[in-house]
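The values are calculated or read from the model by the stated rules, or taken from the named source; none is laboratory data. Source: prediction; values computed, not measured. With ideal geometry, Cβ positions are generated from the backbone for all residues, glycine too; neighbour counts draw on all protein chains shown.
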Ligand SMILES: O=C(O)CCC(=O)C(=O)O
Ligand SMILES: [Fe+2]
């Protein structure tokens with residue numbers, strides 16, 4: 001069953017009440033501008049948009065994937081193999097030939113994804129739906145004047161450890177403009193029969209956290225123990241949005257595949273949604 005919830009949190013007796021946490025969750029059939037603004041402003045934990053893609057669209061994309069080979073994140077950085085189609089900036093940033101190898105992958109992956117939805121591109125569908133929900137328009141974030149890749153297809157069955165994503169902190173100065181916030185978008189095109197919940201913690205990165213980071217990309221679970229969090233279990237076709245500057249993790253999935261169309265959304269200084277992966 002699809003759920004999204006902010007469980008009651010343990011707060012100090014003399015501290016703020018639950019309402020003051022401002023880390024609620026929203027489930028909706030239609031994304032509204034205010035949802036994205038509240039997420040970006042840090043006063044919402046997560047948004048679940050029911051049926052962003054319908055079951056047929058999900059099945060078509062999954063069928064299209066049968067004929068293509070997925071890559072994965074750099075396995076020296078990410079110890080668990082996470083199959084995916086399409087590059088993340090993260091994959092190439094430290095590569096000596098960055099950004100040339102990144103652009104080659106962008107071209108290759110875009111061409112493959114472009115036919116996955118019965119000859120059409122699932123990213124175009126997602127962009128059109130987002131544009132319908134946001135007055136400022138939707139475009140790609142740029143790097144050296146070129147549109148960056150967005151819209152990877154990613155399969156995370158075994159769970160993913162605690163981490164955060166923040167482009168402008170991880171790779172300062174790399175992209176052409178600084179978005180004022182970063183949101184994560186995952187539209188679930190295949191869901192497992194159990195498990196695979198996303199936990200989004202209210203806690204954000206602090207410099208001292210680096211002491212706790214092992215050789216892996218992920219941070220230890222106990223770093224977020226006791227922190228308020230939102231928990232989302234998506235149904236087929238649901239899109240889940242959250243602020244990935246909040247620590248988050250994916251619990252291991254039961255039988256079945258957990259596959260999503262994934263990208264980040266920034267809000268630009270002039271009020272556009274800017275996308276990248
Ligand atoms: O698959 C998910 O639910 C979230 C994946 C993730 O870590 C992200 O989108 O930043
Ligand atoms: Fe993430």
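Structural remarks
- Enumerated strands (runs of 3 or more DSSP E) restricted to segment 116-171, each holding at least 1 residues that are surrounded by fewer than 16 Cβ atoms within 10 Å (Cβ to Cβ) and at pLDDT 95 or above: 138-140
- Among the residues making up segment 78-92, those that are surrounded by fewer than 21 Cβ atoms within 10 Å (Cβ to Cβ) and either in a loop (DSSP other than H, G, I, E, B) or within 14 Å of the chain's Cα centre (by Cα) (or both) are 78, 79, 80, 81, 82, 90.
- So residue 108, is it more than 23 Å from residue 245 (Cα to Cα) and touching a helix residue (DSSP H, G or I) at 6+ places or on another chain (Cβ under 9 Å): no
- Any hit, segment 208-229, residues being more than 16 Å from ligand 2 (Cβ to nearest atom) and closer than 30 Å to residue 270 by Cα: no
- Residue in segment 231-252 that is surrounded by the fewest Cβ atoms within 10 Å (Cβ to Cβ), counting only those that are farther than 23 Å from residue 213 by Cβ and within 16 Å of ligand 2 (Cβ to nearest atom): 231
- If the condition is being within 16 Å of ligand 2 (Cβ to nearest atom) and closer than 20 Å to residue 90 by Cα, then segment 180-207 contributes 181, 182, 183, 184, 185, 186, 204, 205.
- Whichever residue in segment 47-65 is in contact (Cβ under 8 Å) with a residue 12 or more places away in the chain and assigned to a helix (DSSP H, G or I) and, among such residues, is surrounded by the fewest Cβ atoms within 10 Å (Cβ to Cβ): 55
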